[in-house]
1. Give me the strands (runs of 3 or more DSSP E) completely within region C:293-388, filtered to those with at least 3 residues that are within 30 Å of C:Ala523 (Cβ to Cβ), ordered by residue number.
2. Need the failing condition index for C:Glu318 against (1) within 15 Å of ligand 1 (Cβ to nearest atom); (2) in the same structural domain as C:Met179 (by TED's automatic domain parsing), just the number.
3. Which members of region B:147-181 meet the condition of being of a type outside the set (Lys, Arg), closer than 19 Å to B:Pro77 by Cα, away from chain C (no Cβ under 14 Å) and not in a helix (DSSP H, G or I)?
4. Any residue in region C:233-253 that is among the charged types (D, E, K, R) and open to solvent by less than 70 Å² (accessible area, probe 1.4 Å)?
5. Could you check A:Val32 against (1) in a loop (DSSP other than H, G, I, E, B); (2) within 8 Å of ligand 2 (Cβ to nearest atom) and say which number it fails?
6. What single numbered condition from (1) open to solvent by 70 Å² or more (accessible area, probe 1.4 Å); (2) under 20 Å from the mean Cα position of the chain (by Cα); (3) in contact (Cβ under 8 Å) with a residue 40 or more places away in the chain fails to hold for B:Met124?
7. Out of (1) crowded, with 18+ Cβ neighbours inside 10 Å; (2) in contact with a Pro (Cβ under 9 Å, 6 or more places away or on another chain), what's the single condition that is false for C:His511?
8. What residue, of C:Phe358, C:Phe386, C:Phe341, is within 16 Å of ligand 2 (Cβ to nearest atom), touching a residue at least 40 places away in the same chain (Cβ under 8 Å) and of a type in the set (A, V, I, L, M, F, W, C)?
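The values are calculated or read from the model by the stated rules, or taken from the named source; none is laboratory data. A quick note: this is a predicted structure, and the numbers were derived from the prediction, not measured. Here the Cβ is made from the backbone with ideal geometry for all residues, glycine too, and neighbour counts use every protein chain on show. Side chains included, ligands, DNA and RNA excluded: accessible areas come from the protein's heavy atoms. Shrake-Rupley method; radii C 1.70, N 1.55, O 1.52, S 1.80 Å.
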Amino acid sequence: MGHTNKVSDLQSHTGVEVMRCYQCGKCTAGCVLASEMNYPPSYLMRLLQTGTKPNLDKVLSSNSIWLCLNCENCLGRCPMEIDIPKMMDYLRTQAIKENKLHPDSKPIIAFHKSFLDSIKNTGRLYEMGLVLSYKFRTFNFLQDLSIAPSMYLKGKLHLLPEKIKDRRSMKRIFGQTIENAKTDNK
Amino acid sequence: MKIGFYPGCSLTGSSREYNESVVAVAKALDIELIEINDWNCCGATAAHAMNEELSLSLPARIMAMAEKQGLTEVVVPCAACYNRLKVTQHELEDDTKRSRVIDILKMPYQGSSRIINVLQLLEMYGAENIKAKITRPFAHKVACYYGCLLVRPHSILKFDRVEDPQSMDTMIKMVGGTTLDWAFKTECCGAGFSVSRTDLVAKLSGNILKDAADRGAEALIVACPMCQSNLDMRRGAINKTLETPSDIPVIYITQAIGLALGLSAQELGLKRHFVTVEL
Amino acid sequence: MSKIGVFICHCGENISATVDVERVAREIGGMEGVAHAIDYKYMCSDPGQTFIKEAVKKYGLDGVVVGACSPRMHEPTFRRACAEAGLNPYLCEMANLREHCSWVHEKSEETTEKAIDLVKMLVEKVKKNKPLDSIKVPVTKKALVIGGGIAGIQASLDIANTGHKVILVERDPSIGGHMSQLSETFPTLDCSQCILTPRMVEVAQHPNIKLYTYAELESLEGFIGNFKAKIRLKAKSVNYSTCTGCGACIQKCPVKKIPSEFNAGLGTRTAIYVPFPQAVPNKPVIDRVNCNYYKRGACKICEKTCQVGSIEWDKEDEIITEEVGAVVLATGFDVKGTDFFPEYGYGQYKDVLTGLQFERLASASGPTFGEIRRPSDGAVPKKIVFIACAGSRDPAKGIPYCSKICCMYTAKHAMLYQHKVHDGESTVFYMDIRAGGKNYEEFVRRAIEEDTVNYVRGRVARVYEKNGKLIVKGVDTLLGGEQVEIEADMVVLATAGVANCGSEQLAQKLHVSYDPYHFFAEAHPKLKPVETNTAGIYLAGACQAPKDIPETVGMASGAAVKVAALFSNDELVREPVVAVVNRLAPPLYSTCVGCFMCETACPYNAIEHEEIKGRDGSLIRNSARVNQGLCQGCGTCVAFCRSKSIDIQGYTNEQVYAEVMSLLND
Ligand SMILES: Cc1cc2nc3c(=O)[nH]c(=O)nc-3n(C[C@H](O)[C@H](O)[C@H](O)COP(=O)(O)OP(=O)(O)OC[C@H]3O[C@@H](n4cnc5c(N)ncnc54)[C@H](O)[C@@H]3O)c2cc1C
Ligand code: SF4
Ligand code: SF4
Ligand code: SF4
Ligand code: SF4
């Protein structure tokens, strides 16, 4: 008898061999955000190993996958060289697809979206625009109010965006990837 | 000596001083930096977290532009951009991914430019020159902070060792500084959570600062704008998590070297930091 | 015309379920030169063998082919049956209808046809077979044991006690191996030295054992029963026949800061030294790399102190040759150092130790006389952390296997610590506890229940130093992955057991195989655990894989029995499958032209030169001759010979052509 379909699905989408994890916990021991996570990385790997729907749902609707910083401390030390950050990337995609989003994901997704909007429009990051757009997305207008003026004074904030010349290429890249319904959007 | 240059978005905005110091030091060492024409953002964590093809296409366009310009070697000072470019180059060794990306870009891409970080640039093309041109040894006790993106994943970057890396320490020692053996060289600062989860950044960066402070560091030396801004601009939030607030400045490796070469605080952008730099 | 008998076996149903055995017998029966062909359910059974014997007599057969299983399985059986019936056993051949046919194909017409072809080939071969005599070789009843740890000691004593001579070769200045470094031993906590040293002395005094310390094997030639070993006796710079072992020289030697190997680097020794007080032999050697005189040409203080003038400055390495009949490999293992662990500080923290170093701290003969003290400042650690599986079961570090001994010695270490430091706190980070062995599980439970050792299930991510403490970042996976941080005073890594340095080269010298981790390979993982794939060379102890003392000793006695069994024969019988250079009638004598390509090709040095002389004693020609004692029948020479003068008996070119042609002639 082989592993369940769920486990081999995970493997075929990510190349990460979930069953190789022998639950030593070294990833968790060194993860800087393990204590903030619903399930620390090794626990999350175990939930995936069971291959059951309820456990997969637990993972998708947890905050763990959103809090992971992709810092790769876990991968760097894992005796079995299991690429947990890569698995996290995939799990985030799935969580969005299945709309099982933990509340902690909201500000993080909002930030990413604002960031990408900026690139799409100008080809580069427009930090002022990013922060404003993020504030609209999260309705958190007070955040960062204190540092913005000093940033401006120290010459760290442009009032106007820098734009690249070939902005059409950005439209094309976004159009064919993240805005293309066929690709794996997160 | 001419070399390709990809500044990346942070270096034109919130990390202007990094750009200023890279350019100033390069000039002092007779290295001519040739900026990639009409470069775009590498997509950073946002693209990577949201869509794989997007996260490959954005860096691929940058490298395609460099190739078009005939740049065989490109220095990327921002550790985050450096990481994205290197990882993309690695991922695009896969034929299917490469042809898909070329199709999206409508540009030829070979993956032939060599991507290096600023430490490699200094090591390879500056070391002798720097030694010869030191006018004011950087006689400070500092903690070199490498963060995640400069060293991990080792299998792709193959740069410094993952635990207790040494390249930056060697560089600082070369310009007359002393470096600390400390415990948080490669622990994450909170990275892209600066805006979305400032609380976590404050906590993680706080741990880093505390260890450096406990061991008597006069400054933290970094090579990543994201680390720098988390540790510097977020100092207010960080200090709220610490028992003893810290006023240790966080400076770029190029600023430290620039100082040793006798460049002025102004030229090196040292006035732009939130935490006052008095070195 | 030949009279060949063919016997096709059903092998129960193993062959007959897929191959039409009756048809095989029928068709082969019709071949030219086949006098008799039958099939039967079990040819190897007593009635089956009787069929063969009777047919040999009844039809006066001059060749037999048995179509059955693998010759590895039953060739000796059928050849013996033929011999009993008066037929030269080398006129009997087997066609492998099971492994080569029925087991690997579906039932079909083609399968049966393949079976027919296989038998046909052998029939054609047998027609060309010649009667051969097995080769008898004498046995040198003296054993060579390499490595003087507990494995080598036990094997030497056991062999010596059967009345046979033993040469024991040890690389270090003293025998004893790792066991001499251990404090107390699990699962009984008896003192390691107390049980070991009497045996070391016994070795030194045994009339049948010749001990060479500070010596290494240079080369080994020959084959089972007849090896020739060259042994390098490294220059000790001290004349052992006059040295009284008083130790005066050691007291006076000014070079005192050399890290002591015996104390795993925790203590120091002098340049002229005895590794430890109970060493056997208890006489010093000079370590020439560190000695002032050898380094700079001046000092010789030891010479001045020596009352009996034993220092020999100009002594050189000596190579001696010993003839032996069997070899026992007992070169043991080694442990990884702390510098193997980037995440635990690359070996730069003084108070992060290996288990072996902890043994030295806990040992009464160690650098702290058995007190547990930190190497950095001599303080007694109040909090200690043991990390199991440090390097073992870690494919990322290149060591996927379990080192087997660490679970037990870690429990022992924690227990010894608790016994010695009553107000101390010990924590063991582990992944699994592997305590399979008599009284082993009970031992670990005692550590946990009676000695209050805190066992935490999880690996440690990293260790770093802060304010003189070692911060250990671990995890308790049984609490759902709760992070555990301990401010320890000392950390002990149960580092992986690995093959001894030089084991690969040694294996190559001996032509024995080794596994990917350079441990020597046993001939069969279950049924031949002490044999190697080279006849006459046996394995004992941790050189085969990490193992504890009881297992090592058991294996050593096993190897000794194999040697004793070998030595119970005066002669060994070898298969005559060896090369021969042809001999022709004068005036040609041989087609060999004396180019000696074969000599260059032979991996076993079996080719000799022969002068063929005329009646008057004048040299007619030089030709090659094969030393049948050395030839292994590999056939390399045959491929190299340009004049086709050399052939393997039983597998001649003619025989093999006959097999091939039988297929082509269809
Ligand atoms: C920290 C630690 C604690 C342990 N505690 C226990 C315990 O409590 N109880 C227990 O049962 N077991 C214990 N063991 C296991 C025990 O040490 C081994 O089972 C035992 O030492 C194996 O004996 P050996 O003779 O096979 O190998 P070794 O002891 O390694 O001896 C090999 C000998 O061969 C010599 N040699 C090596 N290469 C050559 C060469 N090329 N030529 C000539 N000579 C050579 C070496 O110098 C050495 O003398 C422990 C092991 C460790 C590491
Ligand atoms: S470190 Fe690797 S093997 Fe250990 S629990 Fe984490 S993923 Fe599994
Ligand atoms: S990559 Fe994610 S899971 Fe792994 S250590 Fe970093 S934050 Fe934790
Ligand atoms: S002083 Fe002489 S006799 Fe004494 S141990 Fe040394 S070499 Fe041997
Ligand atoms: S000659 Fe060498 S061994 Fe003798 S006392 Fe001097 S240093 Fe020691």
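1. Output list reads C:318-324, C:326-329, C:333-335.
2. Unmet condition: (1).
3. Scanning region B:147-181 gives B:Gly147, B:Cys148, B:Leu149, B:Leu150, B:Phe159.
4. yes
5. (2)
6. Here B:Met124 clears every test but (3).
7. In the conditions (1) crowded, with 18+ Cβ neighbours inside 10 Å; (2) in contact with a Pro (Cβ under 9 Å, 6 or more places away or on another chain), C:His511 misses (1) alone.
8. On inspection, the qualifying residue turns out to be C:Phe341.
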